[in-house]
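Notes to accompany the following structure.
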Amino acid sequence: MSALFGLPEPRRVLLGEYPLWDEALALVNRDLSVTLPGQGLLQLLGLPSCNEGVAEYVCVALANGEWHGNVVDPDSADNPVLALTAITDAAQETVTECLWQAWPVCDEHDHGMHPREAEGQLSWWCAGGNIRREPAHIRAVVGGLASLVRPRQPDRNRRDG
């Protein structure tokens, strides 16, 4: 739609242009691929800026190019902690708003989780269970949800043939 107003279209950011954001996005994509396996990987898009002195803004987009929410804080590009926080927040906003669903979801409590710093690492935090008053907890570090997925076991009671 930008072309209608004479603005250039968003461009796909090339790997290596923002190395810390690339690393952060790789961690978030690990979590996305295990929790929403058919979705495709998130990508960074460069959005043209109307502000003098700012070349472009960067956002996190779905594989199809859709995105939602704020752009990634440019000040986070040179700090690993800020980069992971900014990319995780932007990714969660895009996935949640574009797909109209909470992401990621705690498989113990069926609640959407949020990024939160815990013990020096950005982690996925769950508010806990409402019915049994289970406490809030850290589910996994960002990028670590795959370690919680159990391989599917064959149904031993199923009869083939």
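The values are calculated or read from the model by the stated rules, or taken from the named source; none is laboratory data. As the structure is a prediction and not an experimental result, all values here were calculated from the model. FYI the Cβ positions are ideal-geometry reconstructions off the backbone, even for glycines, and counts take in every protein chain you see.
Within the range 1-23, track down each residue that is surrounded by 10 or more Cβ atoms within 10 Å (Cβ to Cβ) and either assigned to a loop (DSSP other than H, G, I, E, B) or modelled with pLDDT under 65 (or both). Don't jump to the end; show me each part of the working.
Within the range 1-23, the subset surrounded by 10 or more Cβ atoms within 10 Å (Cβ to Cβ) is 2, 7-15, 17-23.
Correct list: 2, 7, 8, 9, 10, 13, 14, 15, 17, 18.
Matching residues to (1) among the polar types (S, T, N, Q); (2) in a loop (DSSP other than H, G, I, E, B):
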| site | (1), (2) |
| --- | --- |
| 84 | no, no |
| 88 | yes, no |
| 96 | yes, no |
| 101 | yes, yes |
| 107 | no, yes |
| 110 | no, yes |
| 115 | no, no |
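Output the qualifying pairs, or none if there are none: Cβ atoms under 6 angstrom, residues six or more apart or on different chains, first residue in the range 31-44 and free of Cβ contacts under 8 Å to residues at least 24 places away in the same chain, second residue assigned to a helix (DSSP H, G or I).
41/29
With the structure loaded, tell me whether residue 53 is in contact with a helix residue (DSSP H, G or I) (Cβ under 7 Å, 6 or more places away or on another chain), surrounded by fewer than 19 Cβ atoms within 10 Å (Cβ to Cβ) and at positive phi or whether it fails that test.
Working: in contact with a helix residue (DSSP H, G or I) (Cβ under 7 Å, 6 or more places away or on another chain): no; surrounded by fewer than 19 Cβ atoms within 10 Å (Cβ to Cβ): yes; at positive phi: yes.
No.
Kindly evaluate residue 73 against the criterion of being touching a strand residue (DSSP E or B) at 6+ places or on another chain (Cβ under 7 Å), among the acidic types (Asp, Glu) and surrounded by fewer than 22 Cβ atoms within 10 Å (Cβ to Cβ). Walk me through how you get there before you give the answer.
Numbers: touching a strand residue (DSSP E or B) at 6+ places or on another chain (Cβ under 7 Å): no; among the acidic types (Asp, Glu): yes; surrounded by fewer than 22 Cβ atoms within 10 Å (Cβ to Cβ): yes.
So residue 73 does not fit the description; no.
Just the residues that are buried (at least 16 other Cβ atoms within 10 Å of the Cβ) and not aliphatic (A, V, I, L, M), please, taken from the range 117-136. Working first, answer last.
Step one: filter the range 117-136 for residues buried (at least 16 other Cβ atoms within 10 Å of the Cβ), giving 122-126, 129.
Scanning the range 117-136 gives 123, 124, 125, 126, 129.
Please indicate, with yes or no, whether at least one residue in the range 24-47 is in contact with a His (Cβ under 9 Å, 6 or more places away or on another chain), of a type in the set (A, V, I, L, M, F, W, C) and either buried (at least 16 other Cβ atoms within 10 Å of the Cβ) or at pLDDT below 95 (or both). Lay out the reasoning, then the answer.
Just the residues of the range 24-47 that are in contact with a His (Cβ under 9 Å, 6 or more places away or on another chain), to begin with: none.
So far as the range 24-47 goes, no, none of its residues is in contact with a His (Cβ under 9 Å, 6 or more places away or on another chain), of a type in the set (A, V, I, L, M, F, W, C) and either buried (at least 16 other Cβ atoms within 10 Å of the Cβ) or at pLDDT below 95 (or both).
Count, please, the residues in the range 75-84 that happen to be in contact (Cβ under 8 Å) with a residue 60 or more places away in the chain and either on the phi > 0 side of the Ramachandran plot or out of contact with any Leu (no Cβ under 6 Å at 6 or more places or on another chain) (or both).
Narrowing the range 75-84 to residues in contact (Cβ under 8 Å) with a residue 60 or more places away in the chain: 80, 83-84.
Of the ones still in play, those that are also either on the phi > 0 side of the Ramachandran plot or out of contact with any Leu (no Cβ under 6 Å at 6 or more places or on another chain) (or both) are none.
Summing the residues that are in contact (Cβ under 8 Å) with a residue 60 or more places away in the chain and either on the phi > 0 side of the Ramachandran plot or out of contact with any Leu (no Cβ under 6 Å at 6 or more places or on another chain) (or both) in the range 75-84 gives 0.
Is there any pair linking a residue in the range 52-73 that is part of a loop (DSSP other than H, G, I, E, B) to one that is modelled with pLDDT under 95 and surrounded by fewer than 16 Cβ atoms within 10 Å (Cβ to Cβ), with Cβ under 7 Å and at least six apart or on different chains, and which?
Filtered contacts from the range 52-73: 55/49.
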